[in-house]
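Heads up, the thing below is written out as structure tokens.
The values are calculated or read from the model by the stated rules, or taken from the named source; none is laboratory data. What you see is a predicted model; the values in this text were computed from it and never measured. FYI the Cβ positions are ideal-geometry reconstructions off the backbone, even for glycines, and counts take in every protein chain you see. Quick note on the areas: whole protein, heavy atoms, side chains included, nothing else; ligands and nucleic acids left out. Shrake-Rupley method; radii C 1.70, N 1.55, O 1.52, S 1.80 Å.
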Protein chains: 2
Amino acid sequence: MNRRLAIALVHYPVLAKNGEVVTSALTNLDVHDLARSARTYGCTDYFIVHPILAQRTLATKIVSHWTHGSSAKRIPTRQEALSLVRPVHALDDAMSALAGAGNEQVTIWATAARDVGKTIDFCAARRAMGEPGGPILLVFGTGWGLGPSVIAGAHAVLAPIRGPGSWNHLSVRAACAIVLDRLCAA
Amino acid sequence: MNRRLAIALVHYPVLAKNGEVVTSALTNLDVHDLARSARTYGCTDYFIVHPILAQRTLATKIVSHWTHGSSAKRIPTRQEALSLVRPVHALDDAMSALAGAGNEQVTIWATAARDVGKTIDFCAARRAMGEPGGPILLVFGTGWGLGPSVIAGAHAVLAPIRGPGSWNHLSVRAACAIVLDRLCAA
């Protein structure tokens, strides 16, 4: 792949079970698992999007325990994964950081378990990743998925992951791993 | 796919960081995430292999909270996933359960992050799944991976998952999701 690839995990705006737009709480294993998947598949950054300062501080504390604290010595490989984590206030901050000093054009691909329109399939996505262009930001939602404003603001939405049947309530940890494997595996 | 497919998550014998064979503790999100991936990709059973009764009892308690307890009402889809969980004492018990009354021949495919020999690549594995035959059991390890006796007893070991580089310290939750997607996605 030629273009830089990064992931973002959104905690607001996301959907609750009843369809309301809510803020979700940080989950420790989301920090670890998505960082490990991001590192495996060559992502440059893993943005944890949370509007609440105390939750971003918690994310930073978890990361520093594994990058500078006692666990950094115990499991050095984990350090290489967690050093990709960037806690940010909102998705716009992730986009600005990724655009960088050169103000590159960032392409946003959202993800959803249901068909929400503007779909890009994985073949087309892989092709686009091999073409010249600015960085790509893959956006995942916690809770019951990304809020409508994130979907509306994305350039495209990756095709929902499906197994042989119609049941597809994967964890975000599983979904992110599968998406990165489909896009980046040799 | 024509053959029945099941997964097993082994807590003994698995490797510690120093290469010693140890027993690992049950992780709540392993119960959930692997069950959800198993359900998405049409697996018939998810065996949680643990030699300690108190840990199997804990697994059963987690499952029943989501299949019969208050959470079964709150998130009904989770019930369909967690009802696949079968806590067993040892991998042999998983094989016997899967062989069933007809005593079908069970094929064991182990998984490993390193190349440990007897490798079957994903193309060959998908082909084999489409041919007539008994059930297939995919075996995943916790900790630093499956103990040598499990690898030795398997019919084959699935090719290690790799991204563009050599770093591949995925979580077992991510690895299981990717393996099932590679084997079972349409």
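Observations on the model:
- Working note: 222 nm ellipticity from helices only, DSSP H runs with n ≥ 4, each -39,500 (n - 2.57), summed and divided by the residues of chain A, gives -12000 deg cm²/dmol to the nearest 500.
- Summed over the residues of the range A:1-62 and divided among them, the accessible surface reaches 39 Å² per residue at a probe radius of 1.4 Å.
- Estimated Rh, the range A:1-85: Kirkwood, alpha-carbon pairs, angstrom: 13.7 Å
- Three-way shape call for the range B:66-140 based on the alpha-carbon gyration tensor, with the a/c threshold at 1.5: prolate
- Beta bridges per DSSP with both ends in the protein assembly as shown, % antiparallel, nearest 5: 10 percent
- Fraction of accessible area attributable to carbon and sulfur, the range B:90-186 (%, probe 1.4 Å): 54 percent
- Taking the charge dipole of the range B:1-160 about its Cα centre, with +1 at Lys and Arg Cβ atoms and -1 at Asp and Glu Cβ atoms, the residue from B:GLY145, B:HIS11, B:LEU84 reaching farthest to the positive side is B:LEU84.
- GNM result for chain B, Cα springs below 10 Å: residue of B:ALA159, B:ALA81, B:ALA54 fluctuating most strongly: B:ALA54
- Among the helices of chain B, those built from whole DSSP H runs whose Cα atoms reach 15 Å or more along their own axis and whose mean Kyte-Doolittle hydropathy is at least -1.0 are B:28-40, B:53-67, B:172-184.
- Fraction of beta bridges assigned by DSSP in chain A that are antiparallel (%, nearest 5): 10 percent
- Shape category assigned to the range A:52-186 from the gyration tensor of Cα positions, a/c cut at 1.5: prolate
- Test item: A:66-78 mean partner chain Cβ contacts at 10 Å: 1
- Highest average first, the peptides A:177-183, B:92-98 ordered by how many other beta carbon atoms sit within 10 Å of their residues are A:177-183, B:92-98.
- Label 7 Å beyond Cα on the Cβ vector: A:GLY133 copy-to-copy distances, nm: 3.9
- Residue among A:TYR46, A:HIS155, B:ALA156 farthest towards the positive dipole end of the protein assembly as shown, charges placed on Cβ: A:TYR46
- Computed from the Cα positions only, the extents of the range B:125-186 along the three principal axes stand at 36, 31, 18 Å, in decreasing order.
- GNM top mover of B:SER83, B:SER70, B:SER171 - chain B, alpha-carbon springs below 10 Å: B:SER70
- Test item: B:162-169 mean partner chain Cβ contacts at 10 Å: 6
- Antiparallel DSSP beta bridges within the range B:1-107, percent to nearest 5: 20 percent
- Measuring max minus min along each principal axis, the C-alpha atoms of the protein assembly as shown give extents of 62, 43, 40 Å (largest first).
- GNM on chain B, alpha-carbon springs under 10 angstrom: the most fluctuating residue among B:TRP167, B:TRP144, B:TRP66 is B:TRP167.
- Flagged links, alpha-carbon separation over 29 Å, of B:LYS17/B:LYS118; A:LYS17/A:LYS118; A:LYS17/B:LYS17: A:LYS17/B:LYS17
- Buried solvent-accessible surface, both chains (A, B), 1.4 Å probe, Å² to nearest 100: 2800 Å²
- Cα gyration tensor shape of the range A:100-158, rounded if a/c is under 1.5, else prolate or oblate by comparing a/b with b/c: oblate
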